[in-house]
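Trainee: Input: one structure, supplied below.
The values are calculated or read from the model by the stated rules, or taken from the named source; none is laboratory data. All values derive from a computational prediction rather than experimental measurement. A quick note on method: Cβ atoms are made from the backbone with ideal geometry, for glycine too, and the neighbour counts reach across all protein chains shown.
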Amino acid sequence: MKHSSLMSWAALLIGFCAIVTADVVAAARWDMEALSVAPRMWADPNRSVEGVEAIFYEGLAWKGERTRVFAYYGLPEMESGEKVPAMVLVHGGGGSAFVPWVRLWVQRGYAAIAMDTCGCISSGGYRNHPRHERGGPGGWGGFDQIDQPVEDQWTYHAVADVILAHSLIRSLPQVDAERTGITGISWGGYLTCVVAGVDHRFKFAAPVYGCGFLGDNSTWLGTFENMGTEKARKWLGLWDPSQYLAEAPMPMLWVTGTNDFAYPMDSLQKSYRLPWSARTLCVRVRMPHAHGGPGENPEEIRAMADAVLKEGATLARITDCGRQGAKAWVTHESRTPVSRAELNYTTDSGKWQERDWQTTEATLDAQAGRASAALPENVTVYYFNLIDERNLVVSSAHEELPPRSIAGK
């Protein structure tokens, strides 16, 4: 299927999405009262490793049978009677509960739990995650499950698995239940967006790559076309994060790259504009899409967690931005001084994933909290990155311009 044909079909689908009936969306609601109770859990000492415990905990019923969810969790060293904040870690496609990810947050002084969301047992690393007999529905997206009862579909179970993991780690005596955050990678970022609108106990959320509006121009357009408009409309009405993000009350940090293959920047922007809470963007040029270092290690996520859960130094905050002709600018506030500013831009149109991005230094007036730059001719999209003395990045919202709109500046 040619790209233009897919885009035409997507435009029709967007129209269908706009009239999804309320009863379809309501069918996907979770019982937060029940999910807020810590689930039963069973230790799995044979899979535990130094500093990280392997467990199963009780999940929802699937096809009439109660499921069990595999997870790893860890606790940092602490004084007697001390309580620490906690992080819930949600893997993406092809992944599972990752020991290195749990250890990363434990080393940072957090309790952490990472669960498998596809009925598998983690190998501990990044490959080979076999299914187990008590697992729930397999992922990713559950597109082929759309005709099954809502309670038997993957997203319904995966979201519940994440919320139950949150309830479990909040119940530990070493954890301060009022200081918890969530981050997820790719499909885990997608789940983080949905969970943020459902489980309001989290104090912040950080989706990496994942966002909503999958029916606009995401990598799954071919999948939706093969489903047919009726089933695609039903999936988007039930499971697209755009149906839930407006209910997210916690501050959110959105981490992604300009050329992400799965979640393009225009869909990301529509997503981060939905929550009524504070938002922070971290958009790097050509950021790789992967588990491990690229998705787990961005220091901006740690800084956000420390700021919200430990009263640490906040990331820079964009206070305003604008453009007059070819002159663009952004203002900010920051407890940690901003040391430099960049203008990122492209002169390309078409598929976001294929656009060529350029970076040039912007003029920074640190005392005034302002950065500015002259836009090159034929710019189609631009945004600013502010980099503080810790080398942490905060991005402005991007602006799309009509071709040649500032030619002859």
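Trainee: Applying the selection to the range 128-142, what residues are touching a residue at least 12 places away in the same chain (Cβ under 8 Å) and loosely packed, with under 15 Cβ neighbours inside 10 Å?
Mentor: Arg131
Trainee: I'd like the residue in the range 323-336 that is surrounded by fewer than 13 Cβ atoms within 10 Å (Cβ to Cβ) and over 27 Å from the mean Cα position of the chain (by Cα) and, out of all such residues, is nearest to Leu392 (Cα to Cα).
Mentor: Among those residues, the one meeting the criterion is Gln324.
Trainee: Something else now. Restricting attention to the range 243-267, which residues are crowded, with 24+ Cβ neighbours inside 10 Å and part of a helix (DSSP H, G or I)?
Mentor: Leu245
Trainee: Moving to a separate point now. With Met287, Met227 as the choices, which residue is more than 21 Å from Asp199 (Cβ to Cβ), surrounded by fewer than 21 Cβ atoms within 10 Å (Cβ to Cβ), modelled with pLDDT of 95 or more and not assigned by TED's automatic domain parsing to the domain that holds Gly350?
Mentor: It is Met287.
Trainee: I'm checking my understanding of the structure. Among residues of the range 352-389 that are part of a loop (DSSP other than H, G, I, E, B) and touching a Pro at 6+ places or on another chain (Cβ under 8 Å), which one is farthest from Thr319 (Cα to Cα)?
Mentor: Looking at residues that are part of a loop (DSSP other than H, G, I, E, B) and touching a Pro at 6+ places or on another chain (Cβ under 8 Å), I get Asn378.
Trainee: In the range 79-88, is there at least one residue being under 27 Å from Phe143 (Cβ atoms) and within 24 Å of the chain's Cα centre (by Cα)?
Mentor: So far as the range 79-88 goes, yes, one or more of its residues are under 27 Å from Phe143 (Cβ atoms) and within 24 Å of the chain's Cα centre (by Cα).
Trainee: Moving on to the next point. If I go through the range 90-118 residue by residue, how many of them are polar (S, T, N, Q) and either in a strand (DSSP E or B) or farther than 23 Å from Arg179 by Cβ (or both)?
Mentor: 2
Trainee: Is the range 351-365 home to any residue that is of a type in the set (Phe, Trp, Tyr) and more than 23 Å from Val255 (Cβ to Cβ)?
Mentor: Among the residues of the range 351-365, not one is of a type in the set (Phe, Trp, Tyr) and more than 23 Å from Val255 (Cβ to Cβ), which makes the answer no.
Trainee: Next up: I need the helices (runs of 4 or more DSSP H) fully contained in the range 150-224, keeping only those with at least 2 residues that are crowded, with 24+ Cβ neighbours inside 10 Å, β-branched (Val, Ile, Thr) and in contact with a Gly (Cβ under 9 Å, 6 or more places away or on another chain).
Mentor: So the answer is 154-171, 187-198.
Trainee: Let me ask something additional. With the structure loaded, tell me whether Ala303 is aliphatic (A, V, I, L, M), modelled with pLDDT of 95 or more and not assigned by TED's automatic domain parsing to the domain that holds Val88 or whether it fails that test.
Mentor: no
Trainee: Also: Just a yes or no: is a residue in the range 161-172 farther than 16 Å from Thr117 by Cβ, modelled with pLDDT of 95 or more, among the polar types (S, T, N, Q) and more than 17 Å from the chain's Cα centre (by Cα)?
Mentor: The answer is yes, given that some residue of the range 161-172 is farther than 16 Å from Thr117 by Cβ, modelled with pLDDT of 95 or more, among the polar types (S, T, N, Q) and more than 17 Å from the chain's Cα centre (by Cα).
Trainee: Considering only the range 119-134, state which residues are in a loop (DSSP other than H, G, I, E, B) and under 17 Å from Val99 (Cβ atoms).
Mentor: Matches in the range 119-134: Ile121, Ser122, Ser123, Gly124, Gly125, Tyr126, Arg127, Asn128, His129, Pro130.
Trainee: Within the range 90-127, take every residue that is within 17 Å of His289 (Cβ to Cβ) and at pLDDT 95 or above and give me the one that is surrounded by the most Cβ atoms within 10 Å (Cβ to Cβ).
Mentor: Restricting to residues being within 17 Å of His289 (Cβ to Cβ) and at pLDDT 95 or above, the top hit is Val90.
Trainee: Does Glu77 meet the test of being acidic (Asp, Glu) and either closer than 22 Å to Cys193 by Cβ or at pLDDT 95 or above (or both)?
Mentor: The answer is no for Glu77.
Trainee: Continuing with this model, one more query. Please determine, by comparing only the residues of the range 337-351 that are of a type outside the set (A, V, I, L, M, F, W, C) and part of a strand (DSSP E or B), which one is surrounded by the most Cβ atoms within 10 Å (Cβ to Cβ).
Mentor: Tyr345
Trainee: If a residue has to be touching a Phe, Trp or Tyr at 6+ places or on another chain (Cβ under 9 Å) and crowded, with 19+ Cβ neighbours inside 10 Å to count, how many in the range 358-369 make the cut?
Mentor: Total meeting the criteria: 1.
Trainee: Condition test on Arg302, is it assigned to a helix (DSSP H, G or I) and either buried (at least 18 other Cβ atoms within 10 Å of the Cβ) or not hydrophobic (A, V, I, L, M, F, W, C) (or both)?
Mentor: yes
Trainee: Considering Ser339, Ser349, Ser334, which residue is farther than 13 Å from Ala366 by Cα and in the same structural domain as Ser396 (by TED's automatic domain parsing)?
Mentor: Ser349
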